[in-house]
Amino acid sequence: MIQVKFYHLVILLALFTFSCSSGVKNENNELKLNTSDYKVQSLEYEGKTISIRAFENISYCKYPIDTAYQKMNIYIPEAYFNGESINGYTAETAPVFYPNQVGGYMPAKPATFIPEDDRMQMSERPNTVAFMLSKGYVVASAGARGRTLQDPNGKYTGKSPAAIVDLKAGIRYLKYNDSQMPGDANKIITNGTSAGGAMSSLLGATGNHPDYEPYLKELGAAEATDDVFAAQCYCPIINLEHADMAYEWQFNGVNTFEKREWGTPNVSVVDLTEEQIQVSNDLIAEFPSYVNSLNLKDKDGNLLTLDEDGNGLFKEWVKGYVLSSAQTALDQGSDLSSFSWIEFKDGKVVDLDYVSYIQYMKRMKTPPAFDGLDMSTPENQEFGTASIDKQHFTEYGMTHSKVDGATMADEQIIKMLNPMYYIGDSDANTTQHWRIRHGAKDKDTSLDIPVIFGTYLQNHGFDVDLALPWDRPHSGDYDLVELANWIDSIVK
Ligand code: DHB
């Protein structure tokens with residue numbers, strides 16, 4: 001007979017607790033910022049010396065799953081420890097700028113004040129952290145898990161919704177420590193580009209929503225809220241389950257694409273196959289009913305719809321954003337005379353030929369652009385699970401899959417990666433302030449996606465500054481002066 005002794009129960013309980021937390025359990029990690037554990041750093045930036053206190057590699061949750069990524073850097077102007085003010089802000093009033101470095105849904109390290117390496121080949125990017133510190137903002141940046149991460153047993157640990165959960169845990173850490181440090185955690189402004197722009201849009205849209213609560217509990221996130229004050233989103237790759245049809249609505253008829261080699265400047269022009277052209281025709285047919293289901297309205301209350309051929313006021317609405325983009329460029333002194341398809345009158349942009357405009361943009365992705373039938377896209381991998389690397393996330397992708405044994409992502413997980421579902425949800429504390437930028441030559445997703453998002457937010461009463469900067473490809477952080485002006489205008 002097996003005798004169950006007390007110490008057997010203790011061992012069993014210990015094993016159960018360890019496996020439940022699925023990470024390193026560290027009850028000593030109190031989540032209080034150690035205010036004496038910092039380094040003084042300084043940098044010459046645009047002719048001035050910026051001196052700050054750097055609190056780096058902070059664990060922002062009690063039970064991290066991947067300590068290489070789930071950590072945060074906080075940078076605070078030294079002036080705030082000496083009772084001084086910068087740009088009209090003090091230790092009490094300074095906003096907290098919260099940039100993430102997520103790209104391609106990959107794991108991302110927190111941003112640093114002293115540039116570290118040539119990450120993601122973005123060396124041409126400005127030092128956003130230094131710039132924002134020079135404006136008197138506190139800067140806090142959290143790392144986040146991403147689609148390729150595995151633990152030593154081969155289990156995937158960074159699939160959706162890991163990245164947004166991590167970034168929310170970072171917000172909770174900052175709010176929990178608000179009284180410990182300079183900066184006002186009720187004035188957090190998030191920022192990110194592309195997949196990072198998607199994360200910023202989710203932080204803005206989904207504040208405190210119960211959907212994310214079990215995941216935050218599992219990480220041992222700080223006991224605090226996670227809504228933010230404002231969101232800057234550069235070219236957010238969002239609304240993924242509708243982005244394929246939107247892409248084809250924009251590029252249907254453009255039957256070549258610019259094939260890129262990731263990480264190199266190499267581009268070759270390749271024809272779409274007959275099969276891909278058919279996929280494009282299938283997908284474009286789904287777009288009007290999606291747009292019409294949103295009941296989008298212009299500023300006069302007119303419904304922005306599409307007929308079954310994909311024409312209508314919504315198309316004019318998107319085109320309107322392109323026209324104002326060209327006008328802004330013209331007003332700022334750009335020479336647009338090489339764009340023969342733009343019509344000018346008396347120094348004003350009055351019209352453009354939309355087909356020529358799309359041809360100038362050029363297609364970058366093959367149909368379906370996001371839910372690849374061979375499951376080769378970053379998004380297929382983002383929608384994997386702990387045991388499955390890649391999945392489909394649209395009905396079209398699933399029914400036309402070319403992969404044996406392909407599976408479909410969970411509906412709830414798809415929802416949790418799409419900010420659209422949380423706009424107007426009374427359980428979400430959605431931020432009032434939005435700044436959305438998507439280059440007018442950015443074809444990583446179609447223009448319709450940010451325009452739909454911005455319009456939907458506007459229609460729900462939010463304050464939205466949406467623009468498509470002229471001739472700009474997929475990029476972010478290119479207009480930091482304007483971004484800081486916007487932050488000052490909503491904070492002060
Ligand atoms: C990114 C770019 C893409 O084209 C995409 O599909 C997903 C993410 C990015 O740059 O983050």
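The values are calculated or read from the model by the stated rules, or taken from the named source; none is laboratory data. Just so we're clear, the structure is a prediction, and the values are computed from it rather than from any experiment. Cβ sites come from the backbone with ideal geometry, for glycine too, and all protein chains shown count toward neighbours. These accessible areas exclude ligands, DNA and RNA; they are computed on the full protein's heavy atoms, side chains included. Shrake-Rupley method; radii C 1.70, N 1.55, O 1.52, S 1.80 Å.
What the table shows:
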read-out	value
One residue from E248, E213, E275, E218 being under 28 Å from G476 (Cβ atoms) and among the charged types (D, E, K, R)	E248
Some residue of the stretch 163-174 being buried (at least 24 other Cβ atoms within 10 Å of the Cβ), of a type in the set (F, W, Y) and out of contact with any helix residue (DSSP H, G or I) (no Cβ under 8 Å at 6 or more places or on another chain)	yes
Cross-chain or 6+ apart pairs with Cβ under 6 Å, the stretch 478-492 first and under 15 Å from T431 (Cβ atoms), then in a loop (DSSP other than H, G, I, E, B) and open to solvent by 30 Å² or more (accessible area, probe 1.4 Å)	V491/K187
First in the stretch 106-123 and within 20 Å of S59 (Cα to Cα) and open to solvent by less than 70 Å² (accessible area, probe 1.4 Å), second anywhere and within 15 Å of the ligand (Cβ to nearest atom) and at pLDDT below 90, Cβ under 6 Å, 6 or more apart	none
Test result for P378, within 16 Å of the ligand (Cβ to nearest atom) and touching a helix residue (DSSP H, G or I) at 6+ places or on another chain (Cβ under 6 Å)	no
Test result for Q359, farther than 24 Å from R260 by Cβ and either within 16 Å of the ligand (Cβ to nearest atom) or open to solvent by 40 Å² or more (accessible area, probe 1.4 Å) (or both)	no
Identity of the residue in the stretch 219-251, touching a helix residue (DSSP H, G or I) at 6+ places or on another chain (Cβ under 7 Å) and under 21 Å from Q70 (Cβ atoms), that ends up farthest from the ligand (Cβ to nearest atom)	E223
Selection status of Y98, more than 16 Å from the ligand (Cβ to nearest atom) and either loosely packed, with under 15 Cβ neighbours inside 10 Å or under 27 Å from the mean Cα position of the chain (by Cα) (or both)	yes
Verdict on D488 being in contact with a Pro (Cβ under 9 Å, 6 or more places away or on another chain) and either open to solvent by 20 Å² or more (accessible area, probe 1.4 Å) or under 30 Å from G154 (Cα atoms) (or both)	yes
Test: Y98 is in contact with a strand residue (DSSP E or B) (Cβ under 7 Å, 6 or more places away or on another chain), modelled with pLDDT of 95 or more, part of a loop (DSSP other than H, G, I, E, B) and within 19 Å of A221 (Cβ to Cβ)	no
Residue tally, condition touching a Gly at 6+ places or on another chain (Cβ under 8 Å) and either among the hydroxyl-bearing types (S, T, Y) or away from the ligand (no atom under 16 Å from the Cβ) (or both), over the stretch 184-200	4
Neighbours by Cβ (under 9 Å, 6+ apart or cross-chain): first from the stretch 186-197, open to solvent by 10 Å² or more (accessible area, probe 1.4 Å); second within 16 Å of the ligand (Cβ to nearest atom) and among the hydrophobic types (A, V, I, L, M, F, W, C)	T193/V102; T193/M122; T193/C233; T193/C235; S194/V102; S194/C235; S194/I237
Subset of the stretch 447-492 (residues that are assigned to a loop (DSSP other than H, G, I, E, B) and under 19 Å from the mean Cα position of the chain (by Cα))	L447, F462, L468, P469, R472, P473, H474, S475, G476, D477, Y478, D479
